[in-house]
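Trainee: To start, I am sharing the structure in question, which I have written as structure tokens.
The values are calculated or read from the model by the stated rules, or taken from the named source; none is laboratory data. All values derive from a computational prediction rather than experimental measurement. In this analysis, Cβ positions are derived from the backbone assuming ideal geometry, glycine residues included, and neighbour counts consider all displayed protein chains. We work out accessible area using only protein heavy atoms, side chains counted, and drop any ligands, DNA or RNA first. Shrake-Rupley method; radii C 1.70, N 1.55, O 1.52, S 1.80 Å.
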Amino acid sequence: MKTAEIKLTIDLDDNNVPENIMWESTDSQNKEALPVKSMMLALWDNNYKNTLRIDLWTKDMPVDEMKRFFYETLMTMGDSFLRATGETNIVEDLRDYCAHFAEKMEIVK
């Protein structure tokens, strides 16, 4: 069995607000930690049947990039849900909502 490790390093200010977020993976071709401005991590707790989440963004994350990040996250969640469940109809509804979201947030031209 193969094992891969994902490492997150978060630099916090005195108020515990992220200043820097770095991530690296043992499975990546890039062997150095890479900086990111925002992250969302969701884990399923099978024992309690709920989701554990960590949502972080640096204080210098631009609002327009945050809007784009949410849009792309919603779109890729739809792709993942389709692969996991085969539920085509509801994924089409989610994609319709994502188009609406993108229009309202002025992400798409």
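Trainee: Mind giving me the FRET efficiency for Trp23 and Ile107? R0 is 22 Å, r the Cβ-Cβ distance, nearest 0.05 is fine.
Mentor: Plugging the Cβ-Cβ distance into 1/(1 + (r/R0)^6) gives 0.35.
Trainee: Next question. Per DSSP H run of at least 4 residues, take -39500 (n - 2.57); add these up for the chain, divide by its residues and hand me the 222 nm value, nearest 500 deg cm²/dmol.
Mentor: Working: 2 runs with 40 residues, N = 109.
Computed mean residue ellipticity for the chain: -12500 deg cm²/dmol.
Trainee: Starting at the first residue of segment 55-63, write each ³J(HN,Hα) from the Karplus equation 6.51 cos²θ - 1.76 cosθ + 1.60 with θ = phi - 60°, in whole Hz, x for Gly and Pro.
Mentor: So the Karplus estimates, Gly and Pro as x, are 10, 9, 8, 6, 5, 9, 5, x, 4 Hz.
Trainee: Where in segment 1-41 does the amide nitrogen come within less than 18 Å of the point 7 Å from the Cα of Arg53, taken along Cα to Cβ?
Mentor: From segment 1-41, the list is 18, 38-41.
Trainee: Next question, about the same structure. Please compute the modelled spin-label separation between Asp60 and Ala33, points set 7 Å along Cα→Cβ, answer in nm with one decimal.
Mentor: In this crude label model, Ala33 to Asp60 measures out at 1.6 nm.
Trainee: Return the sequence-ordered ³J(HN,Hα) values of segment 83-90 in whole Hz as given by the Karplus equation 6.51 cos²θ - 1.76 cosθ + 1.60 applied to θ = phi - 60°, using x for Gly and Pro.
Mentor: 4, 7, 10, x, 7, 4, 4, 5
Trainee: Simple spin-label model, 7 Å along Cα-to-Cβ: Thr85 to Asp45 in nm?
Mentor: 2.2 nm
Trainee: What are the extents of the Cα atoms of the chain along their three principal axes, in Å, largest first?
Mentor: Between the extreme Cα coordinates on each principal axis of the chain lie 42, 41, 33 Å.
Trainee: Using each residue's phi in segment 15-25, evaluate 6.51 cos²θ - 1.76 cosθ + 1.60 at θ = phi - 60° and report the 3J(HN,Hα) Karplus result to the nearest Hz, with x for Gly and Pro.
Mentor: Each residue's phi maps through the Karplus curve to give 9, 6, 9, x, 9, 9, 10, 10, 9, 8, 9 Hz.
Trainee: Counting only heavy atoms of the protein chains, get the accessible area per residue of the chain (1.4 Å probe) and round it to a whole Å² value.
Mentor: Per residue, the chain has 80 Å² of solvent-accessible surface.
Trainee: List the aspartates and glutamates whose Cα lies under 18 Å from the Cα of Lys2, skipping any in the same chain that are fewer than 8 positions away.
Mentor: Glu24, Asp27
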